[in-house]
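Everything on this sheet refers to the single structure shown next.
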Amino acid sequence: MTTKTGVAVVTGASRGAGRGIAIALGSHGYTVYVTGRTQREGESQWGGTIHDTAAAVSAAGGNGVAVPVDHRDDGETAALFQRVAADEGRLDILVNNAALIREELQRSVPFWDKPLAASTDLLDVGLRSSLVASYYAAPLLVETGRGLVVFTSAPGAVRYQYGAAYGAHKASLDKFAADMAVDFRPFGVAAVSIWMGAVLTERLRQIIDSGPEFAYLAGIAETPEFTGHVIAALAADPDVLAVSGRTLIGAEVAQQYGITDAGGRRPPSMRELMSVEPVNYQGKAGR
């Protein structure tokens with residue numbers, strides 16, 4: 001049974017940004033299917049489970065549904081959307097957030113001095129899995145007749161961060177949004193990539209607490225829920241197709257919709273902080 005607002009799927013939502021996005025969508029009345037591998041406390045050093053997130057979605061005013069999915073397994077992803085189709089008969093939002101970012105990937109050494117799996121795991125769970133989820137979600141979105149596909153991205157798409165695999169991952173997500181938007185447009189479905197800022201995840205909080213030189217991060221970071229409120233606003237906008245195909249900076253979209261973060265804060269734009277901006281990919285060329 002769906003809620004009044006609609007149905008969303010958020011991949012990789014056991015913790016971090018995915019958890020926050022799911023909870024925020026719940027606060028806007030969505031039924032949110034929460035995916036991930038972590039089902040029991042203690043399975044991850046960072047805590048969090050899909051069941052905890054689903055419960056928090058329901059507590060926020062939505063309907064949280066936990067579905068264990070290993071996004072390296074295409075069959076499990078296909079089964080997820082078969083369940084959504086059977087249970088809900090529609091899909092309004094897909095948030096492609098699942099990613100496997102290992103600690104080794106973040107070391108300040110050349111990519112060849114990191115374990116190869118640190119790079120290939122991210123390309124499997126992050127890049128490839130986002131394509132697969134979109135593939136199986138597409139028929140439901142098209143049948144619904146209006147919807148939104150979101151890729152959670154970052155400025156690493158255009159600047160060096162964590163090495164080649166991370167940059168390829170983020171840049172590819174931005175291009176996925178641009179090119180999927182072309183195919184989705186005739187069916188009223190929008191696709192966007194959203195650059196998040198520094199997100200107050202469990203990992204970032206640990207970094208902030210590790211030394212005074214990192215204290216500044218607390219002043220510029222976004223809560224994990226922030227991007228979820230941005231996504232809800234985009235999904236509710238009748239003119240969302242006007243930005244379909246674009247890579248958006250979450251903090252800038254929030255300002256346009258009058259969205260503030262916890263405590264009334266307005267997180268700064270990555271454009272200002274890093275002097276970067278998204279690539280303006282062009283849509284389908286005229287014949």
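The values are calculated or read from the model by the stated rules, or taken from the named source; none is laboratory data. Since the structure is predicted, the reported quantities are computational estimates derived from the model, not experimental observations. Cβ sites come from the backbone with ideal geometry, for glycine too, and all protein chains shown count toward neighbours. The accessibility values were calculated without ligands, DNA or RNA, using every heavy atom of the protein model including side chains. Shrake-Rupley method; radii C 1.70, N 1.55, O 1.52, S 1.80 Å.
Fully extended, how many nm does the chain gain between N280 and E41 (0.36 nm per residue separation, minus their Cα-Cα distance)?
Between N280 and E41, full extension yields 81.8 nm more.
Quick one: net charge around G167, please, counting Lys, Arg +1 and Asp, Glu -1 for every other residue with C-beta under 14 Å from its C-beta.
Spelling it out: positives minus negatives among the neighbours equals +3.
How far is it, in nm, from the label point at A59 to the one at E104 when both lie 7 Å from their Cα along the line to the Cβ?
Modelled inter-label distance: 3.6 nm.
Can you tell me how much longer the chain between F111 and A215 gets when fully stretched, taken as 0.36 nm per residue apart minus their C-alpha distance, in nm with one decimal?
Extra length from F111 to A215 when fully extended: 34.6 nm.
First compute the accessible area of the chain with a 1.4 Å probe, then give the percent of it belonging to carbon and sulfur atoms.
The nonpolar share, carbon plus sulfur, comes to 52 percent.
Show the residues, 5+ positions off or on another chain, whose built amide H is closer than 5 Å to the amide H of L94.
V9, L148, V149, V150
Cα centroids of the stretch 137-152 and the stretch 215-275: how far apart, whole angstrom?
The two parts, judged by their Cα centres, are 21 Å apart.
Among (i) 1.12; (ii) 0.94; (iii) 1.06, which one is Cα Rg over 2.2 N^0.38 Å computed from these coordinates?
Step by step, Cα Rg over 2.2 N^0.38 Å for this structure corresponds to label (ii).
Quick test of the membrane-span-like rule: which DSSP H helices of the chain reach at least 15 Å along their long axis (C-alpha atoms) with mean Kyte hydropathy at least 0.0?
Membrane-span-like by this criterion, though nothing is claimed about a membrane: 16-27, 129-144, 164-184, 226-236.
Determine the sum of side-chain charges near I101: Lys and Arg each +1, Asp and Glu each -1, restricted to other residues whose C-beta is under 10 angstrom from that of I101.
Around I101, the charge tally is -1.
For V279, what is the net charge nearby, where nearby means another residue's Cβ is under 14 Å from its Cβ and Lys, Arg count +1, Asp, Glu -1?
Within the 14 Å Cβ shell, the charges total +2.
Return the loop-located trypsin sites (Lys or Arg not before Pro) in the stretch 237-286 (DSSP other than H, G, I, E, B) with at most 13 other Cβ atoms within 10 Å of their own Cβ; answer none if there are none.
Qualifying residues, ordered by number: K284.
Of L80, L123, A157, which is farthest along the charge dipole of the chain in the positive direction, counting Lys and Arg as +1 and Asp and Glu as -1 at C-beta?
A157
Peptides 137-150, 248-261: what's the order by average Cβ count within 10 Å, highest mean first?
The packing order, highest mean first, is 137-150, 248-261.
With a cut-off of at most 16 other beta carbons within 10 Å, and DSSP calling the residue loop, which chymotrypsin sites (Phe, Trp or Tyr not before Pro) in the stretch 23-124 qualify? Please list them.
Sparse-neighbourhood loop chymotrypsin sites (Phe, Trp or Tyr not before Pro): W46.
What aspartates and glutamates could a cross-link reach from K170, if we take a straight Cα to Cα line under 15 Å and drop same-chain neighbours fewer than 8 places away?
The qualifying aspartates and glutamates are D121, D124, D179, E277.
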